[in-house]
Amino acid sequence: MEPFTSLRALAAPLPGANIDTDIIVPARFLTITSKQGLGRHAFAEWRLEGNFVLDEPQYEGAQILVAGANFGCGSSREHAAWALADLGIRAIVAPSFGEIFRANALRNGLLPITLGDSEWRRVLAAAKAGDCVAIDLASQQIGLHDETSIAFALSDQERVALLNGWDEIDGIRVRYGTATAEFEARQRAAAPWLWEKDLPHE
Amino acid sequence: MAMTLYDKLWQAHVVADEGDGVALLYIDRMLIHEVSSPQAFAGLAERGLRPHRPATHLAVADHAVPTRNRANIADPRAREQIALLAANCAATGIEFLGIDDPRQGIVHVIGPEQGFTLPGTTLVCGDSHSATHGAFGALAFGIGTSEIECVLATQVLRQKRARTLRVTIDGVLSPAVSAKDTILALIGEIGASGAVGCAIEYAGSAVRAMSMEARMTLCNMTIEAGARIGLVAPDETTFTYLDGRPRSPVPLPRTAWRALASDDDARFDREVTLDATLIAPMVTWGTSPDQVAPVTGAVPSDADARPLAYMGLERGQRLEGLAVDRVFVGSCTNGRIEDLRAAAGVIGNHRVAAGVEAIVVPGSGLVKRQAEAEGLDRRFLAAGFEWREPGCSLCVAMNDDRLAPGQRCASTSNRNFEGRQGIGARTHLMSPMMATAAALAGRIVDVREWVG
């Protein structure tokens with residue numbers, strides 16, 4: 001996973017609530033079996049309609065999205081996170097996120113920032129004005145053009161993993177292999193039906 | 001310390017507590033389908049790993065499968081994606097129900113059918129409607145592809161503990177008002193992001209009275225309320241359903257499963273109550289599942305402009321009488337045998353209205369066979385419905401079942417999002433009885449009057 005440390009970039013405003021992963025990557029592109037190249041299908045329907053914010057010259061090179069509440073709700077498709085990353089997006093600022101999308105984002109080096117309403121509106125205003133926004137993950141601060149800053153919070157585990165670009169699976173295998181084996185031994189004794197009946201009985 | 005059902009399921013699966021409400025949870029079962037798994041299998045192979053416990057997984061193709069002409073899948077990418085799942089399963093020792101297997105069907109229909117979904121387990125799938133399986137008192141939730149890879153490789157997932165929300169539904173539902181109407185009413189009440197960060201437990205006399213299939217419908221659309229997890233405590237209804245299923249334990253561990261219920265004095269972070277007697281047949285009018293109203297109602301006077309333009313509706317417009325072009329009965333929400341029985345029960349001597357294309361897509365091969373044994377297929381066919389092969393079909397529009405731009409569909413699926421049933425498609429979510437009545441009338445009608 002690509003580490004996320006700090007970023008100073010244009011922020012594109014996409015403030016409507018409940019932008020779902022069907023909008024971010026329509027289902028007809030889901031027969032693709034690779035993670036690469038999905039950016040060209042991102043927001044396909046909205047781009048067809050024209051006037052889509054990421055296609056406006058003003059927002060060329062935007063790496064931050066300021067999105068509305070419940071961004072990424074709906075289908076669990078990780079293609080949504082892959083597509084945004086493929087477009088060069090590194091951080092999304094929203095009042096709330098679809099939970100599966102948020103987990104997918106974190107596993108692909110995308111920083112999801114949840115803000116309260118008034119703070120979110122300040123970042124949205126900066127995006128609409130075309131100001132650059134600075135995000136520093138180590139100090140968990142968003143810097144605005146007027147030199148003010150806004151604090152955001154991520155759990156320690158999430159922050160450290162993103163800062164280091166850690167591979168979660170390798171980390172779990174190294175740190176928790178023994179704990180997993182111990183859990184399995186306990187469960188095998190306590191709930192044998194979960195172990196004896198794994199295969200259908202004839 | 002009094003515990004909720006969610007607390008008990010969580011605590012029983014903690015492999016390691018990392019603090020801050022974050023833990024590594026052991027995953028007992030994973031369902032796999034063709035869309036969210038290819039990159040996970042590829043990642044596993046790149047690491048040089050094999051699945052940690054292949055026998056804990058069950059795979060099936062459902063999203064991209066056609067609902068007719070299955071011998072030769074026309075779309076080459078869909079054909080390759082399904083073949084890739086078969087190959088990945090063969091290479092890793094995971095059981096795969098192929099397209100010609102009588103048990104093939106929608107992943108959330110086949111899991112319970114096979115007794116793969118069990119109370120007290122953790123169950124995941126790369127599909128947000130995995131919440132369905134919570135109907136059995138399983139901690140079930142949708143995950144992304146990276147998480148599938150993690151479960152294959154390690155059998156654990158890092159998760160943050162959710163807050164708990166109890167939704168108590170007391171009273172008796174009116175005839176012709178179903179679990180689908182109940183969950184749509186709840187989403188209308190709390191909003192599409194109303195339960196973000198929560199695990200919902202459904203309780204109350206109306207829930208206790210529901211069949212397993214109705215409970216699955218209720219839990220299925222929990223994700224549309226913003227929560228990843230919906231739960232119903234297991235009881236005699238659950239045990240009766242599971243007894244004798246191919247993968248069910250023999251005998252059922254009833255004592256252990258009964259102990260999963262929330263303690264009487266357990267505290268929930270939030271409580272919401274619904275009065276079942278006040279719930280009417282519900283219809284969505286917009287492009288988010290919380291844009292919903294009783295069928296006797298109208299588009300709100302303060303509705304947003306964008307969904308109205310997309311749906312071709314106006315503020316204040318009545319929902320009853322709205323003409324439909326297509327009808328879809330099926331999906332992981334409403335593709336089970338009881339759904340098809342309820343739909344068929346509305347037909348009477350009527351026929352599908354002229355100009356309406358109506359399809360019935362059973363949730364699985366076993367549902368299809370059961371329906372045919374009961375003669376439901378003949379009733380649908382005689383009335384002018386098409387009777388298809390099982391799959392996700394017109395819910396996700398990944399196969400060749402999709403709407404043309406501007407077409408209006410009465411659908412028993414779970415999402416009315418922009419573009420969900422095809423580019424420019426207009427979806428009105430409703431129950432199987434309501435969708436069937438719409439097919440026969442050619443317009444949205446109140447099924448209570450239609451059958452009455």
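The values are calculated or read from the model by the stated rules, or taken from the named source; none is laboratory data. This one's a predicted model, so the numbers in the text were calculated from it and none came from an experiment. In this analysis, Cβ positions are derived from the backbone assuming ideal geometry, glycine residues included, and neighbour counts consider all displayed protein chains.
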| Residues (assigned to a loop (DSSP other than H, G, I, E, B), within 7 Å of another protein chain (Cβ to nearest Cβ) and of a type in the set (Ser, Thr, Tyr)) located in region B:22-42 | B:Ser36
| remark: Subset of region B:421-450, residues in a loop (DSSP other than H, G, I, E, B) and within 20 Å of B:Thr132 (Cα to Cα), comes to B:Met430, B:Ser431
| Pick from region B:56-75, criterion within 11 Å of chain A (Cβ to nearest Cβ) and at pLDDT below 95, ranking: farthest from B:Ala397 (Cα to Cα) | B:Ile73
| query | Any residue in region A:184-198 that is at pLDDT below 95 and of a type in the set (Phe, Trp, Tyr)? | reply | yes
| remark: Residue hits (region A:145-194; assigned to a loop (DSSP other than H, G, I, E, B) and of a type in the set (Phe, Trp, Tyr)) are A:Phe152, A:Trp166
| If you scan region B:101-155, which residues turn out to be of a type in the set (Ser, Thr, Tyr) and more than 12 Å from every other protein chain (Cβ to nearest Cβ)? | B:Thr117, B:Thr132
| task | Would you mind telling me which numbered condition in (1) part of a loop (DSSP other than H, G, I, E, B); (2) more than 18 Å from B:Leu173 (Cα to Cα); (3) more than 14 Å from chain A (Cβ to nearest Cβ); (4) not β-branched (Val, Ile, Thr) B:Leu252 fails? | result | (3)
| message | For region A:17-69, give me the residue count where each residue is exposed (fewer than 13 other Cβ atoms within 10 Å of the Cβ), free of Cβ contacts under 8 Å to residues at least 24 places away in the same chain, part of a loop (DSSP other than H, G, I, E, B) and within 14 Å of another protein chain (Cβ to nearest Cβ). | response | 2
| Just checking, which of A:Glu99, A:Glu168, A:Glu182 is over 20 Å from A:Ile19 (Cα atoms), without any contact (Cβ under 8 Å) to a residue 40 or more places away in the chain and at the interface with chain B (Cβ under 10 Å from one of its Cβ atoms)? | A:Glu182
| task | Kindly indicate whether any position in region A:129-144 is part of a loop (DSSP other than H, G, I, E, B) and either within 14 Å of chain B (Cβ to nearest Cβ) or touching a Ser or Thr at 6+ places or on another chain (Cβ under 8 Å) (or both). | result | yes
| Can you tell me which residues in region B:54-74 are surrounded by 16 or more Cβ atoms within 10 Å (Cβ to Cβ) and more than 19 Å from B:Cys332 (Cβ to Cβ)? | B:Thr56, B:Ile73
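State yes or no: is B:Ala233 farther than 22 Å from B:Gln159 by Cα, more than 14 Å from chain A (Cβ to nearest Cβ), among the hydrophobic types (A, V, I, L, M, F, W, C) and touching a residue at least 24 places away in the same chain (Cβ under 8 Å)?
Considered against the rule, which asks whether it is farther than 22 Å from B:Gln159 by Cα, more than 14 Å from chain A (Cβ to nearest Cβ), among the hydrophobic types (A, V, I, L, M, F, W, C) and touching a residue at least 24 places away in the same chain (Cβ under 8 Å), B:Ala233 comes out as no.
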| message | surrounded by fewer than 24 Cβ atoms within 10 Å (Cβ to Cβ), at negative phi and in contact with a helix residue (DSSP H, G or I) (Cβ under 7 Å, 6 or more places away or on another chain): which single residue out of B:Gly230, B:Gly194, B:Gly171 fits that description? | response | B:Gly194
| message | Let me spell it out: the conditions are (1) touching a Gly at 6+ places or on another chain (Cβ under 6 Å); (2) within 14 Å of chain A (Cβ to nearest Cβ); (3) touching a residue at least 60 places away in the same chain (Cβ under 8 Å); (4) among the hydrophobic types (A, V, I, L, M, F, W, C), and B:Val361 meets all of them except one. Which number is the exception? | response | (2)
| field | Residue tally, condition at negative phi and in a loop (DSSP other than H, G, I, E, B), over region B:74-94 | value | 3
| query | Of everything in region B:276-309 that's surrounded by 15 or more Cβ atoms within 10 Å (Cβ to Cβ) and hydroxyl-bearing (Ser, Thr, Tyr), which residue is nearest to the other protein chains (Cβ to nearest Cβ)? | reply | B:Ser288
